[in-house]
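Where a number appears in this text, it was derived from the coordinates with a stated rule and is not lab data. Bear in mind the structure is a predicted one, so any value in this text is a computation, not a measurement. No Cβ is skipped: glycine too gets one built from the backbone with ideal geometry, and neighbour counts run over all protein chains shown.
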Amino acid sequence: GAAGDQAVAQIESAVNDGGYVLAVDGGVPTEFGGRTCYLWTDRNNNEVTALEAVQTLARDAAHVLSIGTCASFGGIPAGGPNPTRIESLAAATGRATINIPGCPTHPDWVVWTVAQLLSGNVPRLDSSRRPSDLFSGNIHHRCPRRERRTAQAFGVEGDCLERLGCKGPRTRGDCPSRKWNSGTNWCIGANAICLGCTESGFPDSFSPFYRGIQIGDPVRSGDDDDHRRDEDDDEDDERRRNRRERD
């Protein structure tokens, strides 16, 4: 692949040709006019900031993809105190984006979305502008540990980690079935909690990470109707677990 001046030349060529798909990874620093992050020097020897670059490139793009949670929603760099005022790609450019969140995002999600666009299909999006085909499923409801007893401490193989802070009940994605590293494993499969990294509130709205979600906690993001159904299912889960633990 091209690097340096060659990469910039290819970008300029794509802009001149038009009809391109812009894909951006990372949040956009906007404080001080964006002068905390420079990407390249143009032909007139002017330094181009990340803010200037994405605003220019997004203007005439056929589609704009936000790759990862930082580009989609701000992510970790946008967490407090956010000294460089990181913003999502949509906020920084004023363009409606197709968001493919995840920290990091799954490469399959990116390839699937790009393939859809190249074949002339614009994916159906949810209220967070994520492809619904990829992010419609609640992770907790797909989790193989859902019907297991609730873990009271880490280190117990196979138990549900909801009370230890797992954010699966408030997070959407197909992680339980798709897994990572060519289908090798995923966060909960490795006995770690889900941190909610595909949601717009990540990380601040999901902190502290190791506080268990309580029934009635405020909804962080996503489709209200879906989350109301999720909360009803959570209450059913809680009743089932309580019965099992009493037995």
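Need one number: % antiparallel among DSSP beta bridges in the chain, to the nearest 5.
Here the share of antiparallel DSSP bridges comes out near 45 percent.
Could you tell me which of ALA115, TYR20, ALA58 has its Cα farthest along the dipole of the chain towards the positive end, charges placed at Cβ (Lys, Arg +1; Asp, Glu -1), taken about the Cα centre?
ALA115
Could I have the simple spin-label model distance between LEU117 and VAL156, label points 7 Å from Cα toward Cβ, reported in nm to one decimal?
Once both label points are built, they end up 4.6 nm from each other.
Could you tell me which GluC sites (Glu not before Pro) in the stretch 75-183 are loop residues by DSSP with no more than 14 other beta carbons within 10 angstrom of their beta carbon? Don't skip to the end; give the middle numbers.
Details: sites: GLU87, GLU147, GLU157, GLU162; in loops: GLU147, GLU157.
In loop regions of the stretch 75-183 (DSSP not H, G, I, E or B), the sparsely surrounded GluC sites (Glu not before Pro) are GLU147, GLU157.
Using the count of nearby Cβ atoms within 10 Å as a rough guide to exposure, how do ILE188, ILE67 rank from fewest to most?
Final ranking by Cβ density, sparse to dense: ILE188, ILE67.
For LEU125 and THR184, compute 0.36 nm times the residue count separating them, minus their Cα-Cα distance, and round to one decimal in nm.
18.4 nm
How high is the FRET efficiency from GLN55 to ARG149, r the C-beta distance, R0 45 Å, rounded to 0.05?
0.30
About the Cα centre of the chain, how large is the charge dipole given +1 on each Lys and Arg Cβ and -1 on each Asp and Glu Cβ? Please answer in debye to the nearest 20.
600
With a cut-off of 13 Å, note down the residues of the stretch 27-60 whose backbone N falls inside the zone around a label point 7 Å from the Cα of CYS103 toward its beta carbon.
So the set is 27.
What number, rounded to the nearest 500 deg cm²/dmol, is the helix-based mean residue ellipticity at 222 nm of the chain, given -39500 (n - 2.57) per DSSP H run of at least four residues and division by all its residues? Present the calculation step by step, with values, prior to reporting the outcome.
On the way: 9 runs with 80 residues, N = 247.
Only helices count here, giving -9000 deg cm²/dmol.
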